[in-house]
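The values are calculated or read from the model by the stated rules, or taken from the named source; none is laboratory data. Since this is a predicted model, take the numbers as computed values, not measurements. Don't worry about glycine lacking a Cβ; one is built from the backbone with ideal geometry, like all the others, and counts go over all protein chains shown.
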Amino acid sequence: MSLVVENLTIDHGAIRAIDNVSFTVPSGQLAAVIGANGAGKTTLLRTLSGLKESKSGSATWNGNSILGKRAEDLARTGIMHVSDGKSVIAELSVKENLALAGLWRKDKKDVAKATDEVVEMFPILGQRMSQTAGSLSGGERQMLAIGRALIARPKLLLLDEPSLGLAPLIIEQIFQTIKTLVNKTDLTVLLVEQNAMGALKIADEGIVLNLGTVVAVDSAQSLLNDPAVRAAYLGF
Amino acid sequence: MNQFITAVLTSLSSGAIYALMSIALVLVWRSTRVINFAQAGQAILTTYIGYEAVTRSGSYWVGLICAVISGALLGAGIDRFFMRPIFKRVNTGPIVMIAPVVATLALLGIIQAVIGFIWGLSYQIIEAPVSTEGLNIFGSIIAFSPFNLMVLIAVTLSMILLTILFQKTNIGLALRASAYAPEIAKLSGIRVDAVRTLGWALAGAAGGLAGMLYIPGSNLYPNAMDVLLVFGFIAAVIGGLDSLFGAVAGAMILGFAVNFSASYISYKLVFPTAFLILILVLLIKPRGIFSSSKGRKD
Amino acid sequence: MLKASATKKRLFGFIILGWILLLVSDRIGELRQYQGAFVAMYTLAIASIILLTGYSGQLSLGHSALMAVGAYAGALSINNFKLHPAIALVMAVLIAGIFGLLLGYAAARLSGPYLAGTTLALAVSLPTIANQFPVLGGEQGLVFDIGTPPARLGEDFSQYQWFFWISCLSALIMIWFLVNLLGSRYGREFRALRDNPTAAQLAGLNVGRQKAMAFSLSAGIAGLSGGLLVMLISGVSPSAFPLSLSFLLLAGAVVTGVYSLKGVIIGALVLVAIPEIAESVVSRIGGSEGFTTSLPGFMVSSLLILAVLFAPNGPGHLLHKKKHLKL
């Protein structure tokens with residue numbers, strides 16, 4: 001059950017956003033994709049989750065191709081994408097947002113169980129159940145978005161810059177939660193981040209993207225120690 | 001005093017029918033971001049189907065059920081087999097902006113022409129199931145009949161049913177989510193396309209109901225519901241295109257404005273009055289009276 | 001300079017076209033003269049839509065109302081103010097243009113469906129005002145008599161040929177003016193409005209004013225075509241300007257290609273041809289009254305859908321695409 005991407009090329013209008021990218025994320029691991037703005041990280045995730053079409057190449061999960069499929073169908077097979085920024089529906093309540101991921105699931109008992117687990121993980125959500133998602137703070141919204149994805153009991157979680165716009169303490173909290181999840185379950189996570197340091201610290205593997213191409217793939221620890229990576233992305 | 005009461009009552013019953021049309025328009029707008037000008041065509045066509053059912057079965061209620069069901073089927077069919085291909089095909093060039101509008105207008109034209117082919121242009125009648133004579137209250141006749149009352153009850157019931165559907169059921173949640181944020185809905189595993197078709201089906205059913213409630217007071221002919229299209233649209237805009245509550249409230253406001261101006265000023269000024277209200281609302285609160293301040297960008 | 005000679009060439013071209021039409025009008029029968037006048041009138045009306053929707057990106061379903069304003073202005077000028085018919089046509093343009101300016105300022109704040117629906121409401125409500133004010137003649141309407149052709153054109157010069165001349169001349173002048181305008185800085189500004197209003201605003205364009213100007217211009221042209229229409233039917237009444245007229249014009253514009261004035265005559269020809277084609281279809285295969293009356297509407301609507309599906313940016317582009325594919 002791994003995510004295998006081979007020679008993937010994606011165009012965004014006239015721009016080649018992702019050019020011949022290949023990497024593998026073994027099952028149960030956390031891979032961090034880091035790179036500057038415009039490196040194509042979001043485009044990559046959107047293609048893997050079915051929101052965008054690719055030009056050429058392949059991407060398989062568990063041996064099955066995930067390209068060219070509808071986003072809602074991929075979501076139903078256990079691939080959940082938490083997109084950046086606007087991943088909660090502001091007009092709906094917290095409770096309703098959480099319910100979205102379980103709407104199509106037949107096992108309603110498990111949905112209820114998963115919801116309880118998510119509330120345990122993020123107690124603040126439990127306190128705000130009937131409030132509209134728009135009234136939550138940035139950190140709470142992120143927790144809501146991740147919580148919603150988890151209720152679908154995903155096997156592969158695609159996270160797009162969860163730390164964006166959040167206070168350091170909250171970022172720490174969220175990263176730790178993700179790390180714990182990966183350690184305790186067989187969840188595989190592809191974490192796209194601009195916060196390279198934080199991401200690499202919790203990741204098993206790191207993929208460095210620059211202008212749509214892979215410039216380095218290595219264990220997270222090696223990347224943290226690599227002077228070129230440190231200079232370019234870690235600030236020292 | 002009698003005039004006032006009459007005006008109030010007729011305002012209520014016209015407002016109720018406008019409400020059905022504006023709900024239909026808002027339903028489609030929220031799910032597809034398109035003003036379905038063909039709504040009036042769909043509604044009148046399903047009313048003709050209802051008319052056939054009434055004529056053959058002798059019962060208004062059979063006709064009503066047929067109209068509502070065929071309205072739902074027609075609405076779903078139009079979304080699935082007409083709108084979706086158009087959206088798929090037309091996705092480049094400046095035509096994208098006006099293509100849906102033009103498409104629904106053209107569809108309206110085709111539907112009305114087909115009705116002319118099949119049924120001709122002469123006026124038909126659908127008999128109301130209850131009396132359309134004014135009620136006798138305390139000795140004086142007011143311009144409000146049992147049928148008007150039935151219309152009010154029917155529309156209120158529909159309102160309640162729709163509200164329950166949207167707020168309390170899973171399907172309703174899926175409908176709302178798909179309308180507010182189709183991408184997030186997709187990523188949550190919701191089949192947004194199917195949900196959207198359902199929205200069109202509901203709108204079509206509302207239109208069919210509107211027709212069967214409107215026509216028994218007047219005549220059935222291909223252009224009979226054109227007026228309702230304009231009023232339904234104005235009501236939807238006044239209320240704010242994004243909310244069902246707004247659609248109903250806007251319809252009531254319009255109903256009152258139009259009927260009172262017809263009663264107290266002149267019945268010839270019905271359209272200009274409606275237009276004036278529209279312009280006023282658009283100038284003062286372009287997103288509609290009841291739209292929330294964190295309204296969605298158009 | 002290149003530009004000056006292009007403008008001169010254009011003027012030359014229009015003058016030549018004018019002469020050709022003049023010569024042609026002698027040879028065709030009265031029916032064709034009458035139809036030709038309608039073609040010229042529709043050409044103007046469609047051009048007004050192309051200007052507003054194609055060039056400045058504002059969709060209007062209310063052009064039937066704008067035509068009505070011009071028509072009534074023209075009629076009142078002749079009947080009540082005893083003005084010369086040519087002046088009456090000018091008044092039609094001016095009054096409609098002023099009305100369009102006011103409308104345009106209000107409309108400038110509206111977008112997409114709001115504008116479409118508002119103009120729809122206008123198209124439906126404006127003609128009914130005629131019922132309210134007796135000076136506008138109510139349901140029967142007013143007479144519009146452009147007058148008989150001057151004697152020096154000879155005895156054989158029919159009224160229909162006179163109509164043809166007036167329509168074509170008006171159309172030629174207006175369209176020439178419009179083409180020049182669109183080729184100038186104003187045309188570029190309009191297109192900027194359509195394609196990217198935010199960027200246009202940032203670049204210093206007063207978006208609201210530009211939109212209102214486009215509306216006013218479009219209204220003026222529509223007003224002229226309205227004046228011509230009632231000249232051709234010798235009278236103006238509310239029933240001459242139903243909502244379906246707005247729709248007809250929009251269809252003509254889309255079929256021609258709403259984004260360019262090239263080939264605008266084709267749209268007008270289509271609009272005039274369809275009732276004729278419908279008639280011959282009916283005479284061949286027969287049909288009920290319902291069929292006969294509804295057939296033209298059916299044809300126009302179907303044509304419109306086909307145009308949207310297969311040639312959304314105009315048939316010219318379609319040919320263009322095909323050429324590229326061949327290479």
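When we screen B:I125, B:I98, B:I137, B:I86 for residues that are without any contact (Cβ under 8 Å) to a residue 40 or more places away in the chain and away from chain C (no Cβ under 14 Å), the only hit is B:I137.
Screening segment C:95-124 for residues that are polar (S, T, N, Q) and crowded, with 22+ Cβ neighbours inside 10 Å and picking the one that is farthest from the other protein chains (Cβ to nearest Cβ) gives C:T119. Got a sec? Which helices (runs of 4 or more DSSP H) wholly within segment B:142-242 have at least 2 residues that are surrounded by fewer than 24 Cβ atoms within 10 Å (Cβ to Cβ) and hydroxyl-bearing (S, T, Y)? Of the helices (runs of 4 or more DSSP H) lying wholly inside segment B:142-242, those with at least 2 residues that are surrounded by fewer than 24 Cβ atoms within 10 Å (Cβ to Cβ) and hydroxyl-bearing (S, T, Y) span B:146-168. Filtered by the rule that a residue be among the hydrophobic types (A, V, I, L, M, F, W, C), more than 19 Å from A:D186 (Cβ to Cβ) and surrounded by 20 or more Cβ atoms within 10 Å (Cβ to Cβ), segment A:29-58 gives A:V33, A:I34, A:A39, A:L44, A:L45. The set of residues from segment A:177-230 being part of a loop (DSSP other than H, G, I, E, B), at negative phi and not hydroxyl-bearing (S, T, Y) comprises A:D186, A:L187, A:Q194, A:N195, A:A203, A:D204, A:D226. Among residues of segment C:262-312 being among the charged types (D, E, K, R) and modelled with pLDDT under 80, the one that is surrounded by the fewest Cβ atoms within 10 Å (Cβ to Cβ) is C:E289. The single residue among A:E161, A:E140 that is without any contact (Cβ under 8 Å) to a residue 24 or more places away in the chain and either among the charged types (D, E, K, R) or at positive phi (or both) turns out to be A:E140.
In this entry, A:E53 is excluded by the filter for residues that are touching a Lys or Arg at 6+ places or on another chain (Cβ under 7 Å) and not aliphatic (A, V, I, L, M).
When segment B:183-220 is examined, which residues are found to be under 30 Å from A:R76 (Cβ atoms) and either in contact (Cβ under 8 Å) with a residue 60 or more places away in the chain or more than 10 Å from chain A (Cβ to nearest Cβ) (or both)?
Selection gives B:D193, B:V195, B:R196, B:T197, B:L198, B:G199, B:W200, B:A201, B:L202, B:A203, B:G204, B:A205.
Screening A:L224 with (1) farther than 24 Å from A:V4 by Cβ; (2) under 18 Å from the mean Cα position of the chain (by Cα) gives one miss only, at (2).
Highlighted here are the helices (runs of 4 or more DSSP H) found entirely within segment A:63-170 that include at least 2 residues which are closer than 26 Å to A:Q29 by Cα, at pLDDT 90 or above and within 20 Å of the chain's Cα centre (by Cα): A:71-76, A:108-121, A:138-151. In the set (1) of a type outside the set (F, W, Y); (2) outside any loop (DSSP other than H, G, I, E, B); (3) within 14 Å of another protein chain (Cβ to nearest Cβ); (4) buried (at least 19 other Cβ atoms within 10 Å of the Cβ), the condition left unmet by C:T128 is number (4). Listed by first and then second residue, the pairs linking a residue in segment C:237-266 that is facing chain B (nearest Cβ under 9 Å) to a residue that is assigned to a helix (DSSP H, G or I) and of a type in the set (S, T, Y), with Cβ atoms under 7 Å apart and 6 or more places separating them unless they lie on different chains, are C:L243/C:S64; C:V258/C:T53.
How many residues does segment B:243-254 contain that are surrounded by fewer than 24 Cβ atoms within 10 Å (Cβ to Cβ) and part of a helix (DSSP H, G or I)? Adding up the residues that qualify gives 5. When residues in segment A:117-133 are screened for being closer than 17 Å to A:G102 by Cα and in contact with a strand residue (DSSP E or B) (Cβ under 9 Å, 6 or more places away or on another chain), 1 of them pass.
Among all positions in segment C:279-301, there is no residue which is away from every other protein chain (no Cβ under 11 Å), in contact with an Asp or Glu (Cβ under 8 Å, 6 or more places away or on another chain) and part of a helix (DSSP H, G or I).
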